[in-house]
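Working notes, structure below.
No value in this document is a laboratory result; all are computed from the given coordinates. Predicted, not measured: the structure shown is a model, and the values here were computed from it. Cβ coordinates were reconstructed from backbone atoms using ideal geometry, including for glycine residues, and neighbour counts include every protein chain displayed.
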Amino acid sequence: MRTGSTPRSGRDPSRAGTSPFARRSGSSRCSSRGSLAFALALPAGARVLLAAYLATTTLYTLSLKRKVLVDVFTLAFLYTLRVLLGGAATGVPVSPWLLAFSVFLFLSLAYAKRASELLAVKERGHDAAAGRDWFVWDSLVVQVLGVASAYLSSLVLAIYIYSDVTKRLYAHPGWLWLLVPALLFWTSRVWVLVGRGEMDEDPIVFAARDRVTWVLAVASAAVLLMAALGPSGIPGLME
């Protein structure tokens, strides 16, 4: 017979080694080992890029995010570094065209993130973002720089279409012209939403959840397929 003062040792999770803390600790250790094993399995170049990514992320968290413009360029660098890391990990080198395109597009998205934060700060009645060297009156400049970067990415895409690279990769590269207005529309829409104060999250996260983005992505995939395997080019367009 158990009394009220008798401990239930058989059900004590801490003594049985099955407490929530113990389970979380074990899961964390397994995750860490898995991440380390994955990193060690990467090619040497990818490991260097991964180390650079982790070091830059740490610097950004500790210091760089508090410096005007440096924070935005660091975010764009980290986004672009992911592209390079993917190329190094898969053994598919990133072309200079993709690198130039990524730099301008990710710089625009980094500006969009900062512009959204500044508009939110303004709505709360403050003059400056906490822990950052930005002020609400910088918002217009940030938006101008962001839109300019977005349109430069479209310009890079347009110039790429008639490069020698596309002639080797695509049977009918003229179809790629349809990607230019699609990109202009998407980036313009992002900045309209930023100006309205409706971009309340990271632009990358927004893109992953946005229905319009997915529709444009599917349409762009169809355009790439036509450029690579289509029976003919766009009627009336010189290729």
Rank the residues Lys65, Lys167 as a footprinting-exposure proxy: fewest other Cβ atoms within 10 Å of their Cβ go first.
-> Lys167, Lys65
Can you put Leu109, Leu75 in order of Cβ neighbours within 10 angstrom, beginning with the fewest?
-> Leu75, Leu109
Only residues of the stretch 112-135 count here: report those whose backbone N is under 18 Å from the spot 7 Å along Cα→Cβ of Thr61, or say none.
-> 131-132
Residue by residue through the stretch 99-113, which ³J(HN,Hα) values in whole Hz follow from phi under the Karplus form 6.51 cos²θ - 1.76 cosθ + 1.60 (θ = phi - 60°), with glycine and proline marked x?
-> 5, 4, 4, 5, 4, 5, 5, 5, 5, 4, 5, 5, 5, 4, 4
Relative contact order [Cα under 8 Å, 6+ residues apart], the stretch 86-238, whole percent = 27
Show the residues, 5+ positions off or on another chain, whose built amide H is closer than 5 Å to the amide H of Val68.
-> Asp133
For the stretch 160-239 the mean separation of alpha carbon contacts under 8 Å (6+ apart) over residue count, i.e. relative contact order in percent, is 52
If we count other beta carbons within 10 Å of each Cβ, what is the order of Trp97, Trp177, Trp134, fewest first?
-> Trp97, Trp177, Trp134
Restricting things to alpha carbons, tell me how big the stretch 54-168 is in terms of Rg and Dmax, in Å.
-> 16.5, 55
